[in-house]
Amino acid sequence: MIRRMLFSLALIGAIQPVPGASAQAVPTPREHFGFDLGEHRRLADWNQLTAWYEKLAAASPRVKVDTIGTTTLGRPFVMLTITSAANHARLAELRGIQLRLADPRRVTGGAELERLLDAGRTVVLITHGIHATEVGGAQTAARLAWKLASSDDPRIREILDNVILLDIPSLNPDGTQWVNEWYNRWVGTGYEGTAPPWLYQFYVGHDNNRDWYAFTQKETVATVTGAHNAWHPQIVHDIHQMGGNGARIFFPPYIDPVEPNVDPAIVAALNQLGSYMAADLTARGRAGAVINAIYDGWTPARAYQHYHGGVRILSETASARIATPVDVPASAIGGGRAYDAATASWNYPLPWTGGAWGLPDIVDYMEDGALALLANAAKNRRFWLENFYRINERAVKGWSAWPAAWVLPAAQANRVGLSYVLRILTLGDVEVQRVSAPFAAAGRSVAPGDYLIRMRQPYASFAQTLLEVQKYPDLREYPGGPPRRPYDVTAHTLPLLMNVEAFPLPELPAGVVLSDRIPVQDVAFELPAALRSRDAPRIGHYKGWQESMESGWTRWTLDRHGLAYDTLADLRIRAGNLRRNYDVILLQSQSPASIRDGNREGSLPVEYTGGIGDPGVAALREFVEQGGRLVAIEEATEFAIETFSLGVTDATAGLRPQDFYIPGSIVRLDLDASAPLAHSLGAAASAWFGTASRAFDLRDPGIRIVARYGPDNPLLSGWLLGPEKIAGRPALIEARVGQGSIVLFGFQPDYRSQTVATWPLLFNALTVPRRR
Ligand SMILES: [Zn+2]
């Protein structure tokens with residue numbers, strides 16, 4: 001299923017229209033797919049879609065297709081370039097103009113700037129389908145490309161003349177294929193409209209849209225190198241779907257907070273663009289467009305472009321049941337953050353009043369949104385180019401809030417973390433240089449070979465936000481009330497996540513000699529010797545039909561390190577005799593009910609229902625009694641505590657959010673350096689505390705405390721209300737049971753595969769003697 005189709009597309013990049021040459025007539029969607037795109041219960045899959053893009057490129061001088069990477073499972077990752085035939089004929093020249101505007105240091109004066117602003121085109125990147133069950137995006141891409149390829153409507157011509165559209169028709173082709181195959185398999189049965197019971201990006205599922213600074217997944221890297229860094233678009237539009245009982249479509253402005261390193265001109269420009277899109281849809285009578293609600297502008301994990309000179313427009317269209325229509329009663333409509341979907345308001349002036357909703361509506365709304373965005377980009381071409389240049393000019397001059405430079409000493413014990421930070425910065429197009437001769441500044445000595453980032457460069461904001469400590473504002477629903485929840489996490493300080501020393505220099509002394517910028521770096525993944533040896537423990541990693549994203553991230557981390565392990569499905573756990581094959585079993589964060597019961601009977605085809613059940617619980621008990629080790633993380637600690645009746649409780653359970661709240665922040669850990677689990681670490685470390693993390697209270701004095709949260713206020717970066725609820729409490733513990741042991745992680749040692757600082761704790765926990 002996975003690899004069968006696409007080798008014919010390896011040559012896709014060679015298919016280039018000759019401008020002005022007579023093209024074949026552009027086919028219609030119905031001719032190619034056998035149906036119109038955006039019909040109820042009809043989904044084109046990725047095989048059909050890639051063939052469609054080949055056809056469009058062959059037939060239209062406006063469309064070019066390139067393969068800019070390969071997906072996790074080996075499919076081609078494609079990008080369309082769509083513009084007028086005349087622009088295609090001088091595409092290299094137009095890209096050259098764009099790259100000069102992206103770096104004002106290369107523009108020699110006002111006359112040249114005027115020439116560039118006159119001659120350039122607005123560069124727009126539209127991306128679809130990152131979340132594969134949000135199926136409208138990939139279908140919309142196919143219809144939008146066809147309209148742009150074939151229409152001679154004056155509105156389309158204006159877009160083609162003024163805009164270079166880079167279109168990634170699926171950011172997740174593996175998922176697009178899976179979900180569409182699954183849907184087509186079950187349509188017409190009782191399971192119609194269900195989602196496949198596995199992560200729809202092979203490793204990280206929905207978190208593939210939280211990877212825009214760590215760049216772990218192949219699809220992210222292909223997009224960043226093949227689209228973002230190759231073109232530096234002024235506008236990025238990422239097309240999503242949301243729940244079905246509120247607004248029909250969301251556009252920015254985002255709600256507060258906006259991360260403080262995002263240039264104000266980016267924020268203002270995206271506010272007008274999103275508002276324009278909502279106005280355009282409302283003018284066409286499309287009810288239910290909301291702005292300035294639900295989504296905030298804090299984390300760079302979703303917004304690469306906000307640190308690279310451009311705006312990121314998120315759109316979210318209401319969902320149906322995959323491609324199956326739904327009927328929403330008026331009484332079900334309501335709620336929403338910063339608006340009420342049942343009531344008209346300034347940011348939601350034309351409420352949607354309920355009724356039928358399905359894929360045709362989804363594709364129409366998405367397509368209208370994309371065309372409104374492109375029309376704005378075309379009509380305001382000169383504004384977008386000049387705004388882009390001014391943003392980059394301010395970065396090159398340096399902000400007063402930024403230091404003159406950041407230094408990462410080359411001589412650090414933690415090679416993995418240093419290489420990881422350097423990879424992120426260099427892939428993010430930050431200029432990193434090496435120091436040629438020693439110097440001293442601000443009381444610090446800088447040695448030859450140290451890495452230095454001058455904060456007078458186009459993408460300095462990307463470096464600043466990732467190197468500095470986050471101070472998330474204390475936002476409440478009302479004074480003294482519960483916290484206003486951020487849309488995602490609140491911290492992304494790489495030196496803390498990755499245990500790397502980095503320091504700012506307020507000023508850079510004259511005469512400092514630096515190398516040229518270094519190329520993109522690789523991460524020096526390193527497995528501890530004990531896990532590499534022939535005596536390495538036999539590791540099982542649990543993966544049921546409700547696999548958590550945390551589990552998926554850990555599969556990625558283990559695979560990337562080349563660690564051998566078995567994936568244990570429910571059936572294998574239920575079969576018992578685990579000790580015969582395994583020395584250690586890992587349960588990533590997952591609730592006890594989900595581990596035990598899995599998917600409810602009748603909710604999915606029977607082979608995807610159920611969890612480990614009572615036989616599996618008994619088998620895990622036996623495994624530990626017989627000398628195995630069970631490692632449980634975050635929510636799964638509850639499963640271990642219940643199953644083994646450990647004298648442990650979750651100290652954070654049942655607290656009101658106004659008393660304790662930590663939505664994804666970095667905290668200090670104090671370690672018992674004499675514990676084998678803390679091997680190779682010092683007395684303190686920084687750790688990830690997310691919404692599923694916890695602190696422990698112990699009733700059993702026999703349980704060994706390996707790490708506690710720091711005293712007083714353990715917060716290092718992000719946001720934490722009620723620090724006293726976790727301060728000094730056990731964070732990582734080990735209990736002896738029978739001949740075996742149980743290790744409980746209250747924090748997440750492998751947060752989105754970024755927590756190099758706590759990877760040693762995870763690897764140590766997996767290191768037990770191999771049974772002979
Ligand atoms: Zn989404």
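The values are calculated or read from the model by the stated rules, or taken from the named source; none is laboratory data. What you are looking at is a predicted structure, and each value in this text was computed from that prediction instead of being measured. Please note: Cβ atoms are built from the backbone with ideal geometry, for glycine as well, and neighbour counts cover all protein chains shown. These area figures cover heavy atoms from the full protein model, side chains too; ligands, DNA and RNA do not enter into them. Shrake-Rupley method; radii C 1.70, N 1.55, O 1.52, S 1.80 Å.
Reported count of residues in region 228-244, each being more than 16 Å from the ligand (Cβ to nearest atom) and out of contact with any Asp or Glu (no Cβ under 6 Å at 6 or more places or on another chain), is 7.
So that you can scan it fast, the table gives a plain yes or no per residue for (1) out of contact with any Leu (no Cβ under 9 Å at 6 or more places or on another chain); (2) open to solvent by 60 Å² or more (accessible area, probe 1.4 Å); (3) closer than 19 Å to Asp207 by Cβ:
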site	(1), (2), (3)
Pro495	no, no, no
Val500	no, no, no
Pro506	yes, yes, no
Val513	yes, yes, no
Glu526	yes, yes, no
Ala529	yes, yes, no
Arg538	yes, no, no
Trp553	yes, no, yes
Leu563	no, no, no
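Of the helices (runs of 4 or more DSSP H) lying entirely inside region 76-147, none contains at least 3 residues that are within 16 Å of the ligand (Cβ to nearest atom) and surrounded by 24 or more Cβ atoms within 10 Å (Cβ to Cβ). The residues on offer are Ala149, Ala138, Ala214, and the sole one that is closer than 30 Å to Ala463 by Cα, in contact (Cβ under 8 Å) with a residue 12 or more places away in the chain and either of a type in the set (Gly, Ala, Ser) or touching a strand residue (DSSP E or B) at 6+ places or on another chain (Cβ under 6 Å) (or both) is Ala214.
Report yes if Thr225 is open to solvent by 10 Å² or more (accessible area, probe 1.4 Å), at pLDDT 95 or above and part of a loop (DSSP other than H, G, I, E, B), otherwise no. Let's see the steps before the verdict.
Details: open to solvent by 10 Å² or more (accessible area, probe 1.4 Å): yes; at pLDDT 95 or above: yes; part of a loop (DSSP other than H, G, I, E, B): no.
So Thr225 fails the test.
Scanning region 241-258 for residues that are assigned to a loop (DSSP other than H, G, I, E, B) and surrounded by 21 or more Cβ atoms within 10 Å (Cβ to Cβ) yields Gly246, Ala247, Arg248, Pro252, Pro253, Tyr254. Screening Leu314 with (1) touching an Asp or Glu at 6+ places or on another chain (Cβ under 6 Å); (2) over 14 Å from Phe251 (Cβ atoms); (3) within 16 Å of the ligand (Cβ to nearest atom) gives one miss only, at (2). For region 160-201, the candidate set comprises residues that are in contact with a Ser or Thr (Cβ under 9 Å, 6 or more places away or on another chain), open to solvent by 10 Å² or more (accessible area, probe 1.4 Å) and of a type in the set (S, T, N, Q); within that set, the residue that is nearest to the ligand (Cβ to nearest atom) is Thr194. The residue that is surrounded by the most Cβ atoms within 10 Å (Cβ to Cβ), among those in region 202-222 that are away from the ligand (no atom under 13 Å from the Cβ) and outside any loop (DSSP other than H, G, I, E, B), is Glu219.
On the stretch given as region 76-119, residues that are farther than 23 Å from Ile159 by Cα, touching a Ser or Thr at 6+ places or on another chain (Cβ under 8 Å) and not hydrophobic (A, V, I, L, M, F, W, C) total 1. Note on region 680-723: residues that are assigned to a loop (DSSP other than H, G, I, E, B) and farther than 17 Å from Ile742 by Cα amount to 16. Determine, yes or no, whether Ile291 is among the β-branched types (Val, Ile, Thr) and away from the ligand (no atom under 16 Å from the Cβ). Yes: the conditions hold for Ile291.
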